[in-house]
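**Student:** One structure coming up, written as structure tokens, with questions to follow.
The values are calculated or read from the model by the stated rules, or taken from the named source; none is laboratory data. Just so it is clear, the structure is predicted and the values come from calculations on it, not from any experiment. Glycine also receives a Cβ, built like all others from the backbone with ideal geometry; neighbour counts cover every protein chain displayed.
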Amino acid sequence: MLKKALNCALLLGAAMTAELAGAGELTLYSRDDFHGRSQTVRDAVADLESVRFNDTTQSIRVRSGRWEACEDADFRGACFLLEAGEYPSLDGRANKITSLREVRGGWDRGRDRDWERERDREREWDGHRDRERGHLPGRALGGELTLYTRDDFVGRSLTVRNGAADLRERDFNDTAQSVRVRAGYWEMCEDVDFRGRCRTLGPGEYANLERMSNRISSVREVR
């Protein structure tokens, strides 16, 4: 009985360790179609210059996890999200990645991402914004979130399914204090057209938006 209990405890401890360690992994390649020099990453890298891979990536394999890739060090500048999968060509993002980190959804309490306004319109893969729908072009998305005017999901509410580039058009600008994300991963920004300080939220309930409370002006699903 003691041996069985010990084995169970060891298995539980191993599972908890694996969960805490995370399982994200991606490989960067210096040429299209996964050719050239490569660099495998399992932990956040604030400056790819440290591994001699700054502004070098032209294709990526994301084996697991969701990753944020940014043009400047310390996860600043223009950023975009990468899901698990293969990216044989980065198009306008080629040779521009300087930092990257795994993102796990949820409310990021760490560093604020102060997007550079003058480069904001270069953030999408093909350089164009679908302002009407408020999401990345060419993606079939099915996410949904509901914004509430007060903490703990009370007060007036607004459900968004296709993104909103300007919440003033829905009489909900700088009004949200809590959020329920029913599906998808959503970027929420302080300024219209997905500018200014932004945060990414995964599925879940956010009873208090803290520093972003009453500051959200645009939202869109980013998967």
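**Student:** Condition first: modelled with pLDDT under 70 and assigned to a helix (DSSP H, G or I). Can you find one or more residues in region 51-64 that meet it? Spell out how you get there, then give the answer.
**Tutor:** Within region 51-64, the subset modelled with pLDDT under 70 is none.
No - not one qualifying residue is present in region 51-64.
**Student:** Return only the number of the condition from (1) under 24 Å from residue 183 (Cα atoms); (2) at pLDDT below 90 that residue 25 does not satisfy.
**Tutor:** (2)
**Student:** Still on this structure, please answer the following. Hey, can you tell me all the residues within region 45-59 that are among the polar types (S, T, N, Q) and either within 20 Å of residue 92 (Cα to Cα) or in contact (Cβ under 8 Å) with a residue 24 or more places away in the chain (or both)?
**Tutor:** Those that are among the polar types (S, T, N, Q) and either within 20 Å of residue 92 (Cα to Cα) or in contact (Cβ under 8 Å) with a residue 24 or more places away in the chain (or both): 54, 56, 57, 58, 59.
**Student:** Filtering region 173-186 down to residues that are surrounded by 18 or more Cβ atoms within 10 Å (Cβ to Cβ) and in contact (Cβ under 8 Å) with a residue 40 or more places away in the chain, which residue is farthest from the chain's Cα centre (by Cα)?
**Tutor:** Within region 173-186, the subset surrounded by 18 or more Cβ atoms within 10 Å (Cβ to Cβ) is 175-181, 184-186.
Pick out the ones that are also in contact (Cβ under 8 Å) with a residue 40 or more places away in the chain and you get 175-176, 184-186.
Details: 175: 23, 176: 20, 184: 11, 185: 7, 186: 8 Å.
The extreme case among them is 175.
**Student:** Could you please let me know if residue 98 is farther than 21 Å from residue 65 by Cβ and at pLDDT 80 or above?
**Tutor:** Details: farther than 21 Å from residue 65 by Cβ: no; at pLDDT 80 or above: yes.
So residue 98 fails the test.
**Student:** Hey, which of the strands (runs of 3 or more DSSP E) in region 122-223, taking only ones fully inside, have at least 3 residues that are among the charged types (D, E, K, R) and either at pLDDT 90 or above or under 18 Å from residue 80 (Cβ atoms) (or both)?
**Tutor:** Working: elements: 144-150, 154-160, 178-183, 186-191, 195-201, 204-206, 218-221.
Correct list: 186-191, 195-201.
**Student:** Shifting gears a bit: Taking only region 48-84 into account, find how many residues are of a type in the set (Asp, Glu), within 11 Å of residue 97 (Cβ to Cβ) and either touching a Lys or Arg at 6+ places or on another chain (Cβ under 6 Å) or exposed (fewer than 14 other Cβ atoms within 10 Å of the Cβ) (or both).
**Tutor:** Count: 3.
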